[in-house]
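Undergrad: Pasting a structure below so you can have a look.
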Amino acid sequence: MRGFEQPRLVRLAARPGTIAAGPRDGRLQVVDALHKAPYRDLASGEYIWRPPYPRGKPRRRPVRPNAQGHFDHLRPGTPAFSAGATFAAAACVLDIWEHYLDRRLRLRLNQRQRRFELIPRVRRLGDNAYSGVGYVEFGFAGEDPRQPYCENLDVVAHEVGHHILRAVIGPTPADAAAFEHQAHVEAAADLVSLVAVLHFDRVVAHLLEETRGKLYSRNVASRVGEFRSEWSGRLEARTAFHDKRLEDVAAARRKGDFHTYGRPFLGAAYDVLVEIYESHLVRRELITRRLARRSGRATARSGRALRREFAARYRLNPDGFADALREATGDFARLLARAWQQTRPGPDTFARVAGHLVAADRRLTGGRYRRVIRQAFAQRGIVARSRRP
């Protein structure tokens, strides 16, 4: 991913000495399995076998911390680095979202399984990453051994996001409501990833330099979610900047393609984030209210003049734009966390979650973003259903 070729240091909310060789803590464990067959069939998704990975099967030795308990001595390009990066990314995403959810999550495990498995390099998984009960495992972008998905925070966050959402919302219902529930989970896992990557200053700086502060565009944030590097292509269904409505993806429902069917929800949520960000810019007097109105979805591609005006404003105070984006990310994450905590498996998932976002905004901000949320989802054919407390 251009601009992020060098690894970034991750600091975890863990007491010294609590992360052991593996890496491993009380909840997560890297299992660097050798010659491993995927736990699930790649075509059907059905389980072939399940964790825990048997002790007698081949694996690399656990990666050990240094004398201070850190793992920052691991060298990029080695299996040991992949193991450390996988653990760091997964634990970091959990730290971030447990902060917004204000509780520790219990990840679902199989019988006789003590820790959640992170399996960094599974050649037979191909150009893919998979998650299931008690594990996540990663293949390689374009099946290129130089591009392990486990070293991509975006991909790890998406897969861990599935488990966060299951812990908060619940399992997929076994009825007609399953399809839209799964479509929402795929889109929501991308939002888990988006919030996580925006907690890194390097990402924020790169994003704002790339866009000159105008986030209604194709950029590193709107392309988040199971990102494939430029050499291996891109899953178009993952792009958050688009104008798709539910009626535009009706064929995806008939085909059982819940990734594509989730695009309108993902696009609406991204619009909400950008509108919140621009409202912070207005409050900080970094842009005018008129510029914020012109920047909306209807004029997102209206031409160079709008981009030049944003760029001129951005040049005056790049740090202010970065602070506004950080504040907006926090607001957005808190809305999502509270909305998901109010959501249970059932029919009309998109409309119910949108309604819960409205209710969450009423509780958290007094309704500051109510109009933004309702309009963003209505433009995608999703009518927010909310009930007053």
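Undergrad: Tell me, what is the FRET efficiency for H35 and T78 to the nearest 0.05, using R0 = 25 angstrom and their Cβ-Cβ distance as r?
TA: Approximately 0.85, to the nearest 0.05.
Undergrad: Using a 10 Å Cβ count of at most 10 others and DSSP loop calls, identify the longest part of the chain lacking such chymotrypsin sites (Phe, Trp or Tyr not before Pro). Can you show the working numbers first?
TA: Working: sites that count: W49, W231.
Formally, the longest exposed-site-free interval is 50-230.
Undergrad: Once the cut-off is 28 Å, how many percent of the Cα-Cα pairs in the chain end up in the long-distance tail?
TA: 46
Undergrad: What's the longest piece of the chain with no exposed GluC sites (Glu not before Pro), counting a site as exposed if DSSP puts it in a loop and it has at most 12 other beta carbons within 10 Å?
TA: Here the longest segment lacking exposed loop sites spans 47-229.
Undergrad: Please state the Cα pair-distance histogram of the stretch 350-389 with 10 angstrom bins from zero: what percent is in each bin?
TA: Taking every Cα pair in the stretch 350-389, the percentages come to 37, 56, 7.
Undergrad: Sticking with this structure for a sec: Using just the Cα positions, wrap the stretch 1-112 in a convex hull and report its mean projected area in square nanometres, one decimal place.
TA: So the mean shadow area of the Cα hull is 9.6 nm².
Undergrad: Sort the stretch 28-169 into rounded, prolate or oblate with this rule: let a ≥ b ≥ c be the square roots of the eigenvalues of the Cα gyration tensor; rounded if a/c is under 1.5, and if a/c is not under 1.5, prolate when a/b is larger than b/c, oblate otherwise.
TA: Details: a/c = 1.34, a/b = 1.02, b/c = 1.31.
It is rounded, given that a/c, with a ≥ b ≥ c, falls under 1.5.
Undergrad: Now for a different question. Using only the Cα atoms of the stretch 73-126, build the gyration tensor, take square roots of its eigenvalues as a ≥ b ≥ c, and label the shape rounded, prolate or oblate: rounded if a/c is under 1.5, else prolate if a/b is larger than b/c, else oblate.
TA: It comes out oblate by the Cα gyration axes.
Undergrad: Do any trypsin sites (Lys or Arg not before Pro) in the stretch 10-110 lie in a DSSP loop with no more than 10 other beta carbon atoms within 10 Å, and if so, which?
TA: For trypsin sites (Lys or Arg not before Pro) across the stretch 10-110 that sit outside H, G, I, E and B with at most 10 neighbouring Cβ atoms in 10 Å, the list reads R11, R55, R104, R106.
Undergrad: Mean separation of Cα pairs under 8 Å and 6+ residues apart, divided by the residue count of the chain: what relative contact order is that in percent?
TA: Relative contact order, the chain: 14 percent.
Undergrad: Now, a different point. For the stretch 303-389, which trypsin sites (Lys or Arg not before Pro) are in a loop by DSSP, counting at most 11 other Cβ atoms within 10 Å? Provide the component values of the computation, followed by the final result.
TA: Working: sites: R304, R307, R308, R313, R315, R326, R334, R338, R352, R362, R363, R368, R370, R371, R374, R380, R385, R387; in loops: R368, R380, R385, R387.
Those that pass, being in a loop and sparsely packed, are R387.
Laboratory data are not the source of any read-out in this text; all were calculated from the coordinates shown. Keep in mind it's a predicted model, so treat the numbers as computed, not measured. Don't worry about glycine lacking a Cβ; one is built from the backbone with ideal geometry, like all the others, and counts go over all protein chains shown.
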